[in-house]
1. Could you identify which residue out of GLY58, GLY95, GLY17 has the top mean-square fluctuation in a GNM of the chain using Cα springs shorter than 10 Å?
2. Take the alpha carbon gyration tensor of the chain, find the square roots of its eigenvalues, order them as a ≥ b ≥ c, and report rounded if a/c is under 1.5; if not, report prolate when a/b exceeds b/c, else oblate.
3. With labels modelled as points extended 7 Å from the Cα through the Cβ direction, what inter-label distance (nm, one decimal) is found for ASP161 paired with ARG80?
4. Can you give the accessible area of PHE110, probe radius 1.4 Å, in Å² rounded to 10?
5. Keeping every protein chain in place, order MET18, MET90 by accessible area at 1.4 Å, biggest value first, i.e. largest first.
6. Go through LYS146, LYS172 and list them by solvent-accessible area, largest first, probe radius 1.4 Å.
7. Given the Cα-Cα distance of ASP1 and ASP101 and 0.36 nm per residue of separation, how much length would full extension add, in nm?
8. Ignoring everything but the protein chains, give the 1.4 Å probe accessible area of SER114 in square angstrom, nearest 10.
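The values are calculated or read from the model by the stated rules, or taken from the named source; none is laboratory data. Not measured: the values here are computed from a predicted model. Cβ: placed from backbone, ideal geometry, glycine included. Neighbour counts: every protein chain shown. Side chains are part of the model used for accessible areas, which takes the heavy atoms of the whole protein and leaves out ligands, DNA and RNA. Shrake-Rupley method; radii C 1.70, N 1.55, O 1.52, S 1.80 Å.
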Amino acid sequence: DYQRVSVGTNRIALEPGMEITFNGIAQGAITDRVADLLRRRGWSNVLVNLGEIRALDGRGDGSSWTVALDGTTDISGGRRRTVQLDNRAMATSSGGGTRFDSTGRHHHLFDPASGTSPTHYRSVTVTAPNATTADALSTAIFTVSKGQAVQILSRAGRNNDVAAWLTYTDGKTEFL
């Protein structure tokens with residue numbers, strides 16, 4: 001319950017037994033800050049992974065970075081699905097990341113309208129121009145239906161700027 005978090009100018013206090021994570025947008029924002037710092041210092045051909053991923057340029061040989069989608073397999077042969085990143089970012093949201101009970105029914109991602117943990121997907125992965133956007137979108141999309149996910153992506157700039165993979169609880173993955 002966010003109302004039980006006390007926020008002051010010099011302190012944030014949680015009641016006993018409460019925890020807080022930087023999932024949601026902060027991991028993406030931190031990933032972008034590190035990537036931008038490295039770029040300003042002249043680094044390129046770098047893959048930054050601080051929980052969310054951002055590629056600075058390609059690999060130096062003209063190829064992109066190959067990154068596996070978390071929790072997915074390709075139907076032909078059982079290999080993990082991969083995404084090519086070049087000056088782009090990727091973020092994955094999954095209820096399995098931080099579970100509050102042994103069944104996984106209650107986890108760190110929740111629908112703000114109902115306060116419950118959604119169970120539509122096993123994971124949602126988003127690629128975007130930066131990790132902050134990818135992180136925010138993967139978290140938001142995890143909490144909504146496929147129809148709402150399509151609307152969110154359309155508003156966010158789906159035309160090659162943003163893409164998503166929805167992995168359902170049965171393991172099937174759909175690209176949007």
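1. GLY17
2. On the way: a/c = 1.91, a/b = 1.22, b/c = 1.56.
Since a/c reaches 1.5 but b/c is at least a/b, the shape of the chain is classed as oblate.
3. Reported label-point gap for ASP161 and ARG80 is 3.0 nm.
4. 120 Å²
5. Values: MET18 45, MET90 5 Å².
The ordering from most to least exposed comes out as MET18, MET90.
6. Numbers: LYS146 85, LYS172 135 Å².
Result of the area sort, largest leading: LYS172, LYS146.
7. On the way: separation 100, 0.36 × 100 = 36.00 nm, distance 1.65 nm.
Value of the extension gain: 34.3 nm.
8. 70 Å²
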